[in-house]
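The values are calculated or read from the model by the stated rules, or taken from the named source; none is laboratory data. Everything numeric in this text was worked out from a predicted model, so none of it was measured. Don't worry about glycine lacking a Cβ; one is built from the backbone with ideal geometry, like all the others, and counts go over all protein chains shown.
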Amino acid sequence: MHSMKIYLAVAASAALLAGCGSGDPLATEPAGADEEGTITVGSADFPESALIAEIYAGALEAKGVEVDKTFNIGSREAYVPALQDGSIDLIPEYTGALLHYFDEDATATEPQSVYEALTAAAPKGLSVLAMSPAEDKDAIAVTKETVDEYSLKSISDLAAADLFTTDPSIEQ
């Protein structure tokens with residue numbers, strides 16, 4: 001049986017990485033452990049979530065906490081109830097997406113205000129841990145040869161080089 005203290009790990013509009021900077025959400029003693037001192041870490045059903053949950057599990061284990069892993073649970077509709085019923089104790093999450101899950105009318109956009117709004121919107125029985133300074137941002141990577149060939153310094157340079165096509169039949 002799990003403790004009634006359930007914690008939801010979140011990050012600043014981003015993927016949560018354990019042990020990052022001063023926003024280490026695992027810096028305090030874990031409080032969601034069951035009677036045997038075990039914390040069940042969950043993840044959503046996509047690889048990035050499972051990877052981040054694995055990082056959390058490893059950080060907890062490094063602090064001497066026994067961890068059970070319940071990864072690839074599914075969508076928020078599946079794992080938020082699992083947090084609420086004690087099936088899992090902790091899950092890494094994105095602050096912005098989770099805020100909109102709990103409050104569809106939320107308007108906060110800056111990391112700190114999103115975090116504060118999420119903390120206020122979290123249902124009774126769920127707690128939001130300290131946010132991580134890590135962020136989930138899209139990136140475009142090209143080889144050095146492509147940079148040299150097209151004199152690329154920015155994304156707008158890449159667009160100007162006309163390397164993209166909208167014709168799906170043409171291989172890139």
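Observations, loosely collected:
- Matching residues in segment 96-137 - criterion: being of a type in the set (Ser, Thr, Tyr) and closer than 19 Å to Glu48 by Cβ: Tyr101, Ser132
- Residues in segment 41-69 that are over 20 Å from Val128 (Cβ atoms) and touching a Ser or Thr at 6+ places or on another chain (Cβ under 6 Å): Ala50, Glu66, Asp68.
- Residue tally, condition within 20 Å of Asp136 (Cβ to Cβ) and in a helix (DSSP H, G or I), over segment 68-117: 18
- Criterion violated by Gln172 - all others in (1) at pLDDT below 90; (2) within 16 Å of the chain's Cα centre (by Cα) satisfied: (2)
- The condition of being on the phi > 0 side of the Ramachandran plot, of a type outside the set (A, V, I, L, M, F, W, C) and surrounded by 15 or more Cβ atoms within 10 Å (Cβ to Cβ) holds for only one of Gly64, Gly86, Gly96, Gly125, that being Gly86.
- Breaking point among (1) under 13 Å from the mean Cα position of the chain (by Cα); (2) over 30 Å from Asp85 (Cβ atoms); (3) in the same structural domain as Gln84 (by TED's automatic domain parsing), for Thr109: (1)
- Reported count of residues in segment 124-169, each being under 22 Å from Tyr94 (Cβ atoms), at pLDDT 90 or above and out of contact with any helix residue (DSSP H, G or I) (no Cβ under 7 Å at 6 or more places or on another chain), is 3.
- For segment 1-13, the condition holds for at least one residue, the condition being that it is within 18 Å of Met131 (Cα to Cα), more than 14 Å from the chain's Cα centre (by Cα) and either β-branched (Val, Ile, Thr) or at pLDDT 95 or above (or both).
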